[in-house]
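Contents: one structure, followed by commentary.
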Amino acid sequence: MTMTDKRDTMMQDGDLVEGTLQIEAEQAQRRAIRENAQRIFRESGLAEMLKTLNRHALQGRGSFQEFDALIVFRWGTAYTRRHLWIEVEGNTIRFRMTPHLQCSAPAPLCDGEYHTFSRAMWTNHAFLLNELNKYYIKPVAETSSD
């Protein structure tokens, strides 16, 4: 093996180690985001509220898709498919809405697409439950896949 071949092998090994470290760092970051979201869903009581909504109002016909910091709760038939899109960003809970004009109410915070609940808002379980009920009554309709 020549000196050039040894150097190329060392560079490849260094790239491999660097790539492995980057993957591990990304996995650790995703794990931290996921654990934070689980903590906030648990502390806010929202996870239990969604399960109760599915169990009682929908008789268990809803389905949950969970991602790192996002839950999509779906229900309905092929023609009446509805969903709630709920994500955790930092220390806030955000409900994605159908694009609309910004709300004038001071809570939840509205940017025209998301209703955002700060920690002070989501620790008030009655307020969060009331808002969840509003979103359930008037959910986001899914577009047909046709």
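Here, each number is a calculation from the coordinates, and none is a lab measurement. Small disclaimer: the values here were computed from a predicted structure and weren't measured. Please note: Cβ atoms are built from the backbone with ideal geometry, for glycine as well, and neighbour counts cover all protein chains shown.
Some notes on this structure:
- Selection count, segment 14-62, where residues are outside any helix (DSSP H, G or I) and more than 25 Å from Met121 (Cβ to Cβ): 4
- Cross-chain or 6+ apart pairs with Cβ under 7 Å, segment 32-60 first and farther than 17 Å from Pro139 by Cβ, then surrounded by 12 or more Cβ atoms within 10 Å (Cβ to Cβ) and among the charged types (D, E, K, R): Ile33/Asp68; Arg34/Asp68; Ala37/Asp68
- Looking across segment 121-146 at every residue that is exposed (fewer than 10 other Cβ atoms within 10 Å of the Cβ) and not charged (D, E, K, R), the one that is nearest to Asn54 (Cα to Cα) is identified as Ile137.
- Just one residue in the set Glu66, Glu26 is surrounded by 11 or more Cβ atoms within 10 Å (Cβ to Cβ) and out of contact with any Lys or Arg (no Cβ under 7 Å at 6 or more places or on another chain); that residue is Glu66.
- Index of the failed condition, Trp85 passing every other in (1) part of a strand (DSSP E or B); (2) exposed (fewer than 12 other Cβ atoms within 10 Å of the Cβ): (2)
- Scope segment 91-120; condition surrounded by fewer than 15 Cβ atoms within 10 Å (Cβ to Cβ), in contact (Cβ under 8 Å) with a residue 12 or more places away in the chain and not in a helix (DSSP H, G or I); matching residues: Asn91, Thr98, Pro99, His100, Cys103, Gly112, Glu113, Ser118
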